[in-house]
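Report on the following structure.
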Amino acid sequence: MCGRYTLLIERAALEERFDAKFVDSRDEPGTGSETGGFTPRYNMAPGQQLPVITNDEPETIRRLEWGLVPSWADDETGGIINARAETLHEKPSFRAAYERRRCLVFADGFYEWTETPDGKQPYRVAFEDDRPFAMAGLWERWESDSETTQAGLDAFGGGRTEADDGTDGPLETFTVVTTEPNDLVSDLHDRMAVILEPDSETQWLTADDPRSLLEPYPADEMRAYPVSRAVNDPSVDEPSLVEPLES
């Protein structure tokens with residue numbers, strides 16, 4: 001499972017790494033922020049609007065809400081944060097998105113929890129050099145049949161995509177694809193996010209059937225280390241969360 005992750009990179013470096021640009025109103029010059037509305041994140045959580053690249057706009061970095069709501073759902077509640085790689089092509093919630101709506105989800109680490117005598121201990125899993133990577137994702141667009149919309153999966157501060165006229169538009173959401181864990185993550189959890197090789201990212205967005213990419217990333221270049229339990233609170237988002245605990 002992938003239920004929290006980090007993205008510590010600065011905006012310019014993120015745009016250069018993925019050869020894409022932020023575009024929404026928070027990123028226009030003159031908004032009062034040198035980062036254009038994007039800052040490093042230490043505790044990205046479900047329900048938040050987070051940066052991704054979708055297959056239909058590969059040169060654009062957009063913000064979608066984490067927690068996929070299928071287009072056919074009766075309402076926008078119960079967003080799905082993870083999708084099992086083994087069943088993407090057959091599960092009703094993911095089949096259409098797998099065929100036509102894939103995305104890259106940016107991260108440079110993710111959190112997993114393991115049981116200890118003192119309770120669950122969070123660990124951060126990342127590359128040894130903390131380089132950014134793309135997790136395989138799926139995205140969807142949901143629209144209400146009525147004029148009155150319900151509150152979505154917004155417990156952690158998320159919201160819907162805004163239309164150009166400033167009114168609420170369709171709800172656009174995403175989910176992170178998971179697979180079997182590698183040798184490092186298996187000590188912490190029985191699932192891990194699908195991390196794509198850089199030269200496979202375009203293939204994930206464009207291939208007819210990219211199931212061959214949905215393998216656990218080798219553990220050789222990765223590390224896992226314990227971090228503060230303050231990460232358990234999704235409202236806490238500060239640099240101290242990624243610092244290793246002193247032994």
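The figures follow:
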| quantity | calculated |
| --- | --- |
| THR60-ASP190 FRET efficiency (beta carbon distance; Förster radius 41 Å; 0.05 resolution) | 0.75 |
| Computed E for ASP130/TRP72 - FRET, C-beta separation, R0 45 angstrom, nearest 0.05 | 0.70 |
| FRET E, pair ASP208, THR114, Förster distance 30 Å, beta-carbon r, rounded to 0.05 | 0.20 |
| Ratio Rg/Rh, restricted to segment 38-144 and using Cα atoms, in which Rh is the Kirkwood radius | 1.00 |
| Net length gained if the chain between ALA13 and GLU90 were fully extended (0.36 nm per residue, minus Cα distance) | 24.0 nm |
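Read-outs throughout are calculated quantities, based only on the coordinates presented, and are distinct from any laboratory measurement. Please read these numbers as outputs of a predicted model, since none were measured by experiment. Note: ideal-geometry Cβ built from the backbone for every residue, glycine included; neighbour counts use all protein chains shown.
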